Amino acid sequence: MTQAKNYSIVSIALIAMSALVALLSSFGTLAESLRILFISDPDQSGFASVFSGQIWRLLTPAFIHFGPMHLIFNLLWVWDLGIVIENRKGPGFYLGFFVVAAVISNVAQYLLTSNPQFGGMSGVVYGLFSYVWIRGRYDPAFNGIMRKATVNMMLAWFVLCWTGLLGPIANWAHTMGLVVGAVWAYLECKSLRLDQTSASLPANKVQSLEYFSTADILKAEALRSWVKDQCLPEARQQFDTIDGKLKIITAIIQQKGIETLPPHETQALEIVFADALVQETGLNWAVIDDDDQRTFILLKSGTPPLSFSLVPATRIAEAVKDGKLNELFQTSVQTIRNSQLPQT
């Protein structure tokens, strides 16, 4: 299992570049030293400088900061949010996100104001913020990272900047960064249907948690046996491997569909998919005893224990239809593993 880092390589690079530009420009007071970094040369109009080959100008305004507080405020957010993004998505994703958010927010600010003399990492910060915020609403791996108080503070600051009371601010860069991060996160969640992977259970359900009884074990084994019985004899030995379980699930759904299966057979598919997760992550089986109904779940020992619902058979069937069962499995595994990461 990948160990969470308490630092971000990409954030360190962004902070170092921003600090260097701040020092060389005396925190933005030496305007002449920034001419090469503005999105357009102040003596030219439009994107003439960019079209002449100076394409770095689309990105470099993000590294310009006007004053120590402007620099410190932005880079603290880059550090905190960057650790979250890099731990969960990797440095390659984070770097790509930075480039897209910076370019779009910079271009929007220039197009809508015609003033090239602006700068700051705020557009990227609002992009990182909205990405983590929206992912947290649908993705258990991100859930709980962005506290409600933090969301309210960031949105209040966003509105306050638009009032003009804080002086000249690149508000369009803020706005487009916010939009880029939110749209990006929403499209990812919609594509992966992360709300239907293995998800942490609410605290009120955990209160009814019990370990497997003998009857539970026998029931689970009977459901597994049904799955095995659907396979050709030479394929049953594959059941012991993760890949084999996923292939058997795929074959059953492709042959029988899901709509006509009785409840105990759809539950059998959920059990076997969960078996594959147990095999990969080392979780334990448990049940929720709620109003005389015993619901199978997965459990990670700890204080308090972490518990996860099973992936619904309808979601498994949908993934098979789309050819994304392995992707659903890997997303569920990552959700389970990321639930063990410390919140920031």
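The values are calculated or read from the model by the stated rules, or taken from the named source; none is laboratory data. Source: prediction; values computed, not measured. Virtual Cβ from ideal backbone geometry, glycine too; neighbours counted across all protein chains shown. For the accessible areas, the whole protein counts, side chains as well, though only heavy atoms, and no ligand, DNA or RNA atoms are used. Shrake-Rupley method; radii C 1.70, N 1.55, O 1.52, S 1.80 Å.
General observations
- Residues being among the hydroxyl-bearing types (Ser, Thr, Tyr) and more than 24 Å from the chain's Cα centre (by Cα) - total across the stretch 265-286: 1
- Close pairs (7 angstrom Cβ cut-off, 6 or more residues apart or separate chains): free of Cβ contacts under 8 Å to residues at least 60 places away in the same chain and more than 18 Å from Phe73 (Cβ to Cβ) in the stretch 19-39, part of a loop (DSSP other than H, G, I, E, B) and open to solvent by less than 50 Å² (accessible area, probe 1.4 Å) anywhere: Ser33/Ser25; Arg35/Asp41; Arg35/Pro42
- Of the residues examined, Leu201 is not one that is open to solvent by less than 70 Å² (accessible area, probe 1.4 Å) and at pLDDT 90 or above.
- Restricting attention to the stretch 265-282, the residues that are open to solvent by 10 Å² or more (accessible area, probe 1.4 Å) and either part of a loop (DSSP other than H, G, I, E, B) or over 16 Å from Ile217 (Cβ atoms) (or both) total 7.
- Filter result for Ser25 (farther than 23 Å from Thr175 by Cα and open to solvent by less than 20 Å² (accessible area, probe 1.4 Å)): yes
- Being hydrophobic (A, V, I, L, M, F, W, C), farther than 26 Å from Thr331 by Cβ, open to solvent by 30 Å² or more (accessible area, probe 1.4 Å) and within 25 Å of the chain's Cα centre (by Cα) holds for only one residue in Met176, Met154, and it is Met176.
One line per residue, one yes/no per condition, for (1) within 26 Å of Arg337 (Cα to Cα); (2) touching a residue at least 60 places away in the same chain (Cβ under 8 Å):
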position	(1), (2)
Gly244	yes, no
Thr260	no, no
Ala268	yes, no
Glu280	yes, no
Ala286	yes, yes
Leu298	yes, yes
Ser309	yes, yes
Pro312	yes, yes
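- Within the stretch 1-47, restricting attention to residues that are part of a loop (DSSP other than H, G, I, E, B) and hydroxyl-bearing (Ser, Thr, Tyr), the residue that is farthest from Asp80 (Cα to Cα) is Ser45.
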